[in-house]
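Asks: Questions regarding the structure given below will be posed in turn.
The values are calculated or read from the model by the stated rules, or taken from the named source; none is laboratory data. Here the structure is a predicted model, which means the values were calculated and not measured. Glycine also receives a Cβ, built like all others from the backbone with ideal geometry; neighbour counts cover every protein chain displayed.
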Amino acid sequence: MAVIGFDLGGTKLASAIFTDEGEIIFKEILSLNKKSGADVGLLITDQLKKLMKQSSKKIDAVGVCVPGISYRKTGTVWAPNIPGWENYPLMDDLMQAVNNEEIKIEIDSDRSCYILGEVWKGAARNCSDAAFLAVGTGIGAGIIINGEVLRGSNDIAGAIGWLALDRPFQKKYIQCGCFEHYASGEGIVKAAKEFIEGDETYAGVLKKKTNFTSHDVFNAYEQKDIVAEKTLKLAIEFWGMTAANFVSIFNPEKIIWGGGVFGPAVQFLDEIYDEASKWAQ
């Protein structure tokens, strides 16, 4: 027996065939190439058909994690970074592609899949209460309470980009939330640009780039760039405050950081811990 897993992101689709024990038999990553709507669905189903045909083992199940919300009652998904996926009928696409009622199909949010993976094979093994804070293009949290994934009444528990960590409210928080605006991958870029715009004397390495990414900010930090230092100091404060809030609300055994920003932000774990300790009981 084998299973097929898909990890859909805002820019890529990762797919793999796994044994029941989690060993990867085959893996492939495809770019979305700015596809949207039904074209993204077609990319997934074409890849699914390819892997089902390619597998030498019988496929027992198919799982897809999406960068947003999976509405389990309807089989539809919302992915804010994929245009046309406001209420996309992904389950219908998958069922038509599989065309076999014996094969189980599951769709879930990426944040739920993160924590389930950590409980199964990662840093949260043997934990019944833990959280995975995913910091990438956006920010989300997978949360396990008493051994169960916390989903909420509308399957949106863990959408922590909207945590209110600053005041007063500003209109720029509407699209992605206060926390995500400053401390996600895209948020780090936004914050750095705001610091640059607010300092007419700044002439550092980021000033010379018309477009830059969070990784450019981390590289500039290594060069002791003042804007990069201010930007990442702000992100560390937000990450620490969030960890403290999670301690108070969920009392987890572990808080695990991951996603593309962690990565380079791993170097700040001690500083995040110290910041969290200021705020936490």
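Asks: Among the candidates ALA123, ALA131, which residue alone is among the aliphatic types (A, V, I, L, M), surrounded by 13 or more Cβ atoms within 10 Å (Cβ to Cβ), more than 19 Å from ILE236 (Cβ to Cβ) and in contact (Cβ under 8 Å) with a residue 60 or more places away in the chain?
Replies: Testing whether each residue is among the aliphatic types (A, V, I, L, M), surrounded by 13 or more Cβ atoms within 10 Å (Cβ to Cβ), more than 19 Å from ILE236 (Cβ to Cβ) and in contact (Cβ under 8 Å) with a residue 60 or more places away in the chain leaves just ALA123.
Asks: So which of GLY240, GLY198, GLY204 is at pLDDT below 95, surrounded by 14 or more Cβ atoms within 10 Å (Cβ to Cβ) and on the phi < 0 side of the Ramachandran plot?
Replies: The match here is GLY204.
Asks: May I ask you to verify whether GLY142 is crowded, with 18+ Cβ neighbours inside 10 Å, modelled with pLDDT of 95 or more and closer than 30 Å to GLU253 by Cβ?
Replies: Taking the combined requirement at face value, the residue satisfies it.
Asks: Report, by residue number, each residue of region 61-97 that is of a type in the set (Gly, Ala, Ser) and in contact with a Pro (Cβ under 9 Å, 6 or more places away or on another chain).
Replies: The answer is GLY68, GLY75, ALA79.
Asks: Let me ask something else about it. Within region 36-138, considering only strands (runs of 3 or more DSSP E) that don't extend past its boundaries, which have at least 3 residues that are of a type in the set (A, V, I, L, M) and modelled with pLDDT of 95 or more?
Replies: Counting at least 3 such residues, we get 59-66, 130-135.
Asks: Determine which single condition ALA203 fails, assuming it passes every other condition in (1) out of contact with any helix residue (DSSP H, G or I) (no Cβ under 9 Å at 6 or more places or on another chain); (2) under 22 Å from LEU133 (Cβ atoms); (3) not charged (D, E, K, R).
Replies: (2)
Asks: Would you confirm, using the coordinates I've provided, whether VAL189 is farther than 29 Å from LYS73 by Cα, of a type in the set (Val, Ile, Thr) and assigned to a helix (DSSP H, G or I)?
Replies: Here the answer is yes, as VAL189 does meet what is asked.
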